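J.: Before anything else, here's the structure in question.
The values are calculated or read from the model by the stated rules, or taken from the named source; none is laboratory data. Note that the structure is a prediction, hence the values are computed from the model and not measured. Counting neighbours? That spans all protein chains shown, and the Cβs are built from the backbone with ideal geometry, glycine included. To get the accessible areas, we keep the full protein, side chains included, count just its heavy atoms, and leave off ligands, DNA and RNA. Shrake-Rupley method; radii C 1.70, N 1.55, O 1.52, S 1.80 Å.
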Amino acid sequence: MESSNLTLNKIGQHLLRREETISIAESVTSGSLQMAFSQIPQAEQFYKGGLTAYNLEQKVNLLNIDQDEAISANCVSRNISEQMAINVAKLFNTEWGIATTGFATPVEESNGEIYAYYCISYKGTIIRSDKIELHPMTKAVDAQNYFMEYVIGCLRCEVKRDHLEVIA
């Protein structure tokens with residue numbers, strides 16, 4: 001976790017330097033990203049907050065996810081994560097939005113697989129969106145931690161990019 005703390009601190013420094021803010025919408029990671037961001041020094045200056053919407057009703061009501069799509073995808077798809085990232089940034093009025101959705105345990109709805117979709121948005125634009133797949137024998141807590149750390153690493157790559165300044 002020490003390398004994660006270092007990465008989070010660097011993310012915090014970039015956000016502070018740019019005077020930008022971030023918010024988080026989680027499902028599969030169950031608040032672990034929010035917890036991690038709350039521990040960054042001076043987090044109150046760039047981390048506006050987040051929410052954990054674990055089921056269809058809350059994703060639709062709180063994050064304005066398309067209900068028909070949510071029903072057909074069981075709330076887990078690349079597009080759902082993208083909607084979550086864009087809409088949490090709108091909800092909290094932040095430049096950055098992060099979202100995760102997926103399955104940390106192999107269940108019937110996931111065809112026995114463990115995976116997550118994540119999305120990082122910046123100023124209303126999707127800048128990174130992908131799927132993370134793990135072995136079906138992975139313990140749920142290990143899957144959630146891996147998803148969290150993976151997304152933090154991806155965010156670190158994105159916040160230090162200079163090309164972001166050209167996005168409207």
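J.: If you check Arg128 against the conditions, is it of a type outside the set (Gly, Ala, Ser) and outside any strand (DSSP E or B)?
T.: no
J.: Please go through the stretch 84-97 and pick out each residue that is surrounded by 24 or more Cβ atoms within 10 Å (Cβ to Cβ) and either in a helix (DSSP H, G or I) or of a type in the set (S, T, N, Q) (or both).
T.: Met84, Ala85, Val88, Ala89, Thr94
J.: Follow-up question, since we're still on this one. Within the stretch 74-114, restricting attention to residues that are more than 20 Å from Arg128 (Cα to Cα) and aliphatic (A, V, I, L, M), which residue is nearest to the chain's Cα centre (by Cα)?
T.: Ala104
J.: Got at least one residue in the stretch 37-53 being touching a strand residue (DSSP E or B) at 6+ places or on another chain (Cβ under 6 Å) and among the polar types (S, T, N, Q)?
T.: Yes - at least one qualifying residue is present in the stretch 37-53.
J.: Quick check: anything in the stretch 38-51 open to solvent by 60 Å² or more (accessible area, probe 1.4 Å), part of a helix (DSSP H, G or I) and over 17 Å from Val159 (Cβ atoms)?
T.: Checked the stretch 38-51: at least one residue is open to solvent by 60 Å² or more (accessible area, probe 1.4 Å), part of a helix (DSSP H, G or I) and over 17 Å from Val159 (Cβ atoms).
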